[in-house]
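Asks: Below are the structure tokens for one structure; questions will follow.
The values are calculated or read from the model by the stated rules, or taken from the named source; none is laboratory data. In this text the structure is predicted, and so the values were computed from the model without any measurement. Counting neighbours? That spans all protein chains shown, and the Cβs are built from the backbone with ideal geometry, glycine included. For the accessible areas, the whole protein counts, side chains as well, though only heavy atoms, and no ligand, DNA or RNA atoms are used. Shrake-Rupley method; radii C 1.70, N 1.55, O 1.52, S 1.80 Å.
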Amino acid sequence: MKKTTMILMLTFIFIFGCQNKKDEPGIIAKVNGKPIHLSQLNYKYDLTHDGSAGFVPSVGQVRSEYGQILGDIIVQELVSQELVVRDIPVTDKELKEAEDQVRSDYPGNAFEQILIEEYIDLNSWRRQLRYQLAMDKFFSQVLRPEIKIDYKEAEEYYRTHLSDFYIQAGCKFEMIKGSSRDLVTKAVEQFGKGLTPAEISSNFKEVTVREIWVRNGQLPAAWEPVVQKLQIGKSSPIITQEKEFICLILKEKKDATLLTPLQAYPTIEKVLLEQKLDDKFELWLKDKIAKSDIKISKKLLPQKEAEEPVSTEDASLKIE
């Protein structure tokens with residue numbers, strides 16, 4: 001699903017300069033009285049740039065990106081406020097559970113270490129995580145219950161997108177790859193004894209085991225001779241590929257086929273659901289913007305636009 005469909009078309013530009021006396025330090029916008037700080041824009045901007053040596057973005061590029069980021073934050077803030085109104089805000093417990101889930105992927109103090117190495121502020125990271133949880137909750141608990149997919153819609157989609165449900169002939173392999181012929185040979189032996197890919201990878205740190213699907217006619221030239229006559233469940237000879245060694249175990253051969261409407265339905269349902277969610281979100285957002293009080297500091301506008309009246313369909317978007 002697309003995270004959002006942006007209809008808040010803002011053309012903001014970040015301009016460095018002295019603040020007006022009435023401007024509050026660090027605040028660059030307000031959404032129904034809730035401030036948005038410059039630090040929020042800086043945080044999201046820094047996440048999208050790795051600081052590669054020699055990379056110097058143009059002024060126009062920076063301006064454009066800051067405008068897009070501010071638009072994203074305004075939308076996220078509107079969604080968060082809507083959840084509060086509906087009495088289903090993201091709770092501290094939900095935030096902690098989500099953070100714990102992320103932390104579980106990092107052993108020991110590795111999570112904190114990454115934050116330090118990447119210059120990521122923990123509070124800013126948590127604030128953005130809360131925003132993302134709010135978006136997920138809004139789509140799943142507010143928009144999704146209002147959407148129904150009629151079987152006639154699914155049938156029509158199937159008829160008009162038949163090519164999407166044509167599965168080409170091909171083969172499914174278990175590919176065992178390693179840095180030496182001996183390691184791959186031993187890993188293949190363990191696979192034959194019933195060990196799982198995870199167990200094999202754990203036993204041999206320099207070996208990877210993963211399932212791949214290759215369509216007929218798309219096999220690499222080096223693989224063709226060794227897999228042409230391969231039988232189901234049998235392993236190929238070791239293939240030397242640059243500095244790697246590969247063994248392919250044939251798991252399945254599939255002929256070309258057209259999925260039936262029943263087989264295709266889960267895919268169709270997902271596509272239609274995403275479309276309907278995006279459409280419904282656009283309608284909600286347009287209405288929400290019209291009813292909201294959104295104020296933007298004129299330091300985020302080009303000099304000419306800051307001096308001239310702003311033309312917009314939405315009178316609730318104010319430039320200060």
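Asks: Any chance the range 200-211 includes a residue that's under 30 Å from residue 47 (Cβ atoms), of a type in the set (Ser, Thr, Tyr) and surrounded by 13 or more Cβ atoms within 10 Å (Cβ to Cβ)?
Replies: For the range 200-211, residues under 30 Å from residue 47 (Cβ atoms), of a type in the set (Ser, Thr, Tyr) and surrounded by 13 or more Cβ atoms within 10 Å (Cβ to Cβ): present.
Asks: Could you please let me know if residue 274 is under 30 Å from residue 155 (Cα atoms) and modelled with pLDDT of 90 or more?
Replies: Criteria met by residue 274.
Asks: Take the range 146-185 and flag every residue that is of a type in the set (Lys, Arg) and either touching a strand residue (DSSP E or B) at 6+ places or on another chain (Cβ under 7 Å) or crowded, with 16+ Cβ neighbours inside 10 Å (or both).
Replies: Those that are of a type in the set (Lys, Arg) and either touching a strand residue (DSSP E or B) at 6+ places or on another chain (Cβ under 7 Å) or crowded, with 16+ Cβ neighbours inside 10 Å (or both): 172, 177, 181.
Asks: Here's a follow-up. Give the residue, chosen from 90, 84, 102, that is outside any helix (DSSP H, G or I) and hydrophobic (A, V, I, L, M, F, W, C).
Replies: 90
Asks: Quick check on the range 76-93. Is at least one of its residues more than 30 Å from residue 272 (Cα to Cα), in contact (Cβ under 8 Å) with a residue 40 or more places away in the chain and open to solvent by 50 Å² or more (accessible area, probe 1.4 Å)?
Replies: no
Asks: Additional query: Kindly indicate whether residue 197 is open to solvent by less than 90 Å² (accessible area, probe 1.4 Å) and of a type outside the set (Gly, Ala, Ser).
Replies: yes
Asks: Residues to consider are 115, 162; find the one that is within 22 Å of the chain's Cα centre (by Cα) and farther than 23 Å from residue 89 by Cα.
Replies: 115
Asks: Filter the range 170-187 down to the residues that are farther than 17 Å from residue 211 by Cα and of a type in the set (Gly, Ala, Ser) and list them by number.
Replies: Matches in the range 170-187: 179, 180.
Asks: Give me the pairs, please: first residue somewhere in the range 115-143 and exposed (fewer than 15 other Cβ atoms within 10 Å of the Cβ), second residue anywhere and β-branched (Val, Ile, Thr), beta-carbon distance under 7 Å, and either six or more positions apart or on two chains.
Replies: 141/88
Asks: Any idea which residue in the range 245-262 is nearest to residue 209 (Cα to Cα), counting only those that are open to solvent by 70 Å² or more (accessible area, probe 1.4 Å) and in contact (Cβ under 8 Å) with a residue 60 or more places away in the chain?
Replies: Looking at the filtered set, the residue picked out is 251.
Asks: Of everything in the range 144-158, what is touching a residue at least 40 places away in the same chain (Cβ under 8 Å) and aromatic (Phe, Trp, Tyr)? Give them in sequence order.
Replies: Answer for the range 144-158, where residues must be touching a residue at least 40 places away in the same chain (Cβ under 8 Å) and aromatic (Phe, Trp, Tyr): 157, 158.
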